[in-house]
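Structure first, then comments.
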């Protein structure tokens with residue numbers, strides 16, 4: 001049972017605080033706007049085709065779209081679309097349980113943070129749209145440390161510990177991805193919590209080295225501090 005010894009709750013971002021699928025859809029809307037002008041095709045039809053391809057297989061979606069439309073393309077064409085997708089300013093928002101829970105934590109004088117993987121420009125744009133700096137004491141985008149420092153590398157947790165001025169056993173980490181979010185507990189006594197969202201991408205992902213979370217929740221309201 002987690003007790004009041006927890007002094008900081010740190011969160012993953014995607015599928016923990018926001019819906020990753022919402023971000024994907026936002027990106028596809030942006031790409032549909034670009035391609036509808038280039039290809040003189042219906043923006044809605046392009047968007048529907050992209051989301052359909054993505055639901056079937058998340059790989060090479062833009063390539064498959066061009067193949068479907070019998071449009072010739074180069075690798076550079078694909079890279080430009082990928083860059084446009086990653087760098088767009090998304091239409092996203094926090095899950096409805098996020099801000100109330102952050103407010104409750106603040107009332108309890110519990111510090112909060114974010115540790116998130118993903119391309120730096122992508123994650124920073126998400127954070128900017130969410131105005132996350134207003135709600136969290138410290139945010140670490142691991143890509144800004146270097147690609148090798150994405151989770152499960154412990155560096156971001158070590159830096160977060162110093163920034164929030166807490167001990168590892170006073171820190172809780174809430175994430176969704178068994179492949180990387182909970183392995184920190186094998187290195188340091190961080191209390192890990194797995195949140196399973198309805199649209200979560202990693203629901204059936206295997207645990208890294210079988211290191212599992214302290215407990216599971218379906219809502220941030222169920223976190224025990």
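Between the helical axis of 120-130 and the longest alpha-carbon principal axis of the chain there is an angle of about 70 degrees. Contact order for region 21-87, expressed relative to its length and based on alpha carbon pairs under 8 Å spaced 6+ residues apart, stands at 31 percent. The stretch between residue 134 and residue 68 holds 19.4 nm of extra length on full extension. This uses 0.36 nm per residue minus the Cα-Cα distance. Counting only helical runs of four or more DSSP H residues, what would the 222 nm mean residue ellipticity of the chain come to if each run contributes -39,500 (n - 2.57) and the total is spread over all its residues? The per-residue figure over the chain is -12000 deg cm²/dmol.
Extension gain, residue 39 to residue 80: 0.36 nm times the residue separation minus the Cα-Cα distance gives 13.2 nm. Enter the angle in degrees (range 0 to 90, nearest 10) between the Cα long axis of helix 75-87 and the first principal axis of the Cα atoms of the chain, meaning the one along which they spread out most. Relative to the chain, helix 75-87 is tipped by roughly 40 degrees.
For the pair residue 204 and residue 121, label points projected 7 Å from Cα toward Cβ lie 3.4 nm apart. Taking the fewest neighbouring Cβ atoms within 10 Å as the starting point, the ordered list for 188, 202 is 188, 202.
The overall shape of region 21-87 is rounded: from the C-alpha gyration tensor, with semi-axes ordered a ≥ b ≥ c, the ratio a/c is less than 1.5.
For the chain, the convex hull drawn through the C-alpha positions has a volume of 123 cubic angstrom per residue. With contacts taken as Cα pairs under 8 Å and at least 6 residues apart, the chain reaches a relative contact order of 26 percent. Against the chain, whose longest principal axis comes from its Cα atoms, helix 43-56 is set at around 60 degrees. Applying 0.36 nm per residue to the separation of residue 144 and residue 89 and subtracting their alpha-carbon distance, the gain on full extension is 17.9 nm.
Bear in mind these aren't lab numbers, they're just calculated from the coordinates by the rules spelled out. As the structure is a prediction and not an experimental result, all values here were calculated from the model. Note that we place each Cβ from the backbone using ideal geometry, even for glycine, and neighbour counts take in every protein chain shown.
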